[in-house]
Amino acid sequence: MLKDIASTLRPAFMMTALFALLLGLVYPLVLTGIGQALFPAQANGSLIRSGDRVIGSSLIGQAFTSDRYFHGRLSAAGKGYDPTASSGSNLGPASAALADRVRTDLATLRTSPDSPVPADLVTTSASGLDPHISPEAALFQAARVATARKLSLAEVAAQVAAHTQQPLFGVFGEPVINVLELNLALDSLPASGASSKR
C-alpha cells in the first residue's frame, strides 16, 4: 500500500518541483535577461539622471510647487507620489470632501472667470503617480512659468509643444506631457537660470 501511495505521489512531487524551477526561477531569469538586453532603461525603472544623480523616473510624478515649474496632477498616494502607497483618493462623485477640495483648487487656479481650469489640474489619477498632464493643463500654466523664469510666453509654449507626446499610433490615448521632462528642459534653457527649488 505504501508503495502504491509513493508511486502515486512521486509524479505530483516531480511536477511540482519541475514547475517551481521553470516558473519560479528559469522564466523570471529569462524575462529579466530579455528586458535588460532589449529595454534596459525601462527594465531599470525609466530613471532620469542629472550627471550621476537620479532625480526621478519618467513613470512616477513629482510634486512641483515653485512658480518656475509646471505642476503635475494632484496625488492621493501616501503624502503625494509615494510609489509604496499607490492609490486614488477613493472619493466618489457625491463626496462632499471631494467637492470642497475641487472647489478650493478651482478658486486658487482660476485667474479669471473666462479661464476654464483643465480637469487634470484638480483631479487625481487612479494610481496617484501619474507623471503626465494634458497640453491644455500645461498651456494653462505657461504664463505663470514664463513670468517666473523671465522668458517669453512663446518660448515656454514652444517647449510645451516640443514635449507633447502624441497618442500611440495616433489613436490610442490622448496627447500628454511628462512634467518632469518638461521642467528639466526649461532648466536647460540658457536664460532660465535653473533653480534647485521645486
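Out of VAL26, VAL30, VAL102, one residue alone is closer than 21 Å to ARG144 by Cα, out of contact with any helix residue (DSSP H, G or I) (no Cβ under 9 Å at 6 or more places or on another chain) and assigned to a helix (DSSP H, G or I). It is VAL102. All but one of (1) over 24 Å from ARG149 (Cβ atoms); (2) buried (at least 17 other Cβ atoms within 10 Å of the Cβ) hold for ASN90; which doesn't? All conditions pass for ASN90, except number (2). Residues of the stretch 135-158 that are open to solvent by 40 Å² or more (accessible area, probe 1.4 Å) and either out of contact with any Asp or Glu (no Cβ under 7 Å at 6 or more places or on another chain) or at pLDDT 95 or above (or both): GLU136, LEU139, PHE140, ALA143, THR147, LYS150, SER152, LEU153, ALA154, GLU155, ALA158. ALA148 passes every criterion in (1) in a loop (DSSP other than H, G, I, E, B); (2) small (Gly, Ala, Ser); (3) farther than 30 Å from ASN44 by Cβ; (4) in contact (Cβ under 8 Å) with a residue 24 or more places away in the chain apart from (1). For the stretch 153-172, the candidate set comprises residues that are polar (S, T, N, Q) and in contact (Cβ under 8 Å) with a residue 12 or more places away in the chain; within that set, the residue that is nearest to PRO135 (Cα to Cα) is THR164. Where residues in the stretch 48-77 are open to solvent by 50 Å² or more (accessible area, probe 1.4 Å) and in a loop (DSSP other than H, G, I, E, B), which of them is nearest to GLN141 (Cα to Cα)? So the residue we want is ASP67. Among residues of the stretch 178-190 that are open to solvent by 20 Å² or more (accessible area, probe 1.4 Å), those with a Cβ under 9 angstrom from a residue that is part of a helix (DSSP H, G or I) and basic (Lys, Arg), sequence gap 6+ or separate chain, pair up as LEU189/ARG149. Filtering LEU38, LEU2 for residues that are open to solvent by 80 Å² or more (accessible area, probe 1.4 Å), out of contact with any Gly (no Cβ under 9 Å at 6 or more places or on another chain) and modelled with pLDDT of 85 or more leaves a single hit, LEU38. Is at least one residue of the stretch 105-117 touching a helix residue (DSSP H, G or I) at 6+ places or on another chain (Cβ under 8 Å), open to solvent by 40 Å² or more (accessible area, probe 1.4 Å), assigned to a loop (DSSP other than H, G, I, E, B) and at pLDDT 85 or above? No, because not a single residue in the stretch 105-117 is touching a helix residue (DSSP H, G or I) at 6+ places or on another chain (Cβ under 8 Å), open to solvent by 40 Å² or more (accessible area, probe 1.4 Å), assigned to a loop (DSSP other than H, G, I, E, B) and at pLDDT 85 or above.
The values are calculated or read from the model by the stated rules, or taken from the named source; none is laboratory data. From a predicted model like this one, the values you see are computed outputs, not experimental measurements. Backbone-built Cβ (ideal geometry, glycine too); neighbour counts: all protein chains shown. Accessible surface areas use protein heavy atoms only, side chains included; no ligands, DNA or RNA. Shrake-Rupley method; radii C 1.70, N 1.55, O 1.52, S 1.80 Å.
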